[in-house]
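Asker: A single structure is presented below for examination.
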Amino acid sequence: MFERWLTPVLPEASASRAWFRDSAPLPAPETVDAVLITGSRCGVYDGRAWIDVLRDQVNGYVTAGKPVGGVCFGHQIMAEAFGGHVEKSDRGCGVGRHVHPLPPTGQRLFG
């Protein structure tokens, strides 16, 4: 799905997929130009050992200067890797379009 969306705007890019299961290593930072982390059945707050390993690997990409993007779980793991805190919503899962006002920091970043 993400390849279909990104290919028209990044026709020069090639994509490869890596499944992160059982703490298997992801591609080494020197072998990729950028990383997009997508969904998971888990949240970063689920206490699975592989989540800690993935968080370290995300930091490895950033340390190597590689752009890292995230969608859903990918946003969660990035937030945790960069020093933030993620917790399960007491309102359950949210599906669909949601409008959130930007705090002052976000307004400075995104106008």
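Values quoted throughout were computed directly from the atomic coordinates according to the rules given, and no laboratory measurement underlies them. Bear in mind the structure is a predicted one, so any value in this text is a computation, not a measurement.
Asker: For the chain, what does the helix formula give at 222 nm: sum of -39500 (n - 2.57) over DSSP H segments with n ≥ 4, over the residue count, nearest 500 deg cm²/dmol?
Answerer: -9000 deg cm²/dmol
Asker: What base-10 log of the normalised intensity I(q)/I(0) is obtained for the range 39-87 from the Debye formula, alpha carbons as equal point scatterers, at q = 0.15, 0.30, 0.31 Å⁻¹?
Answerer: The Debye formula, applied to the Cα set alone, gives -0.34, -1.28, -1.34.
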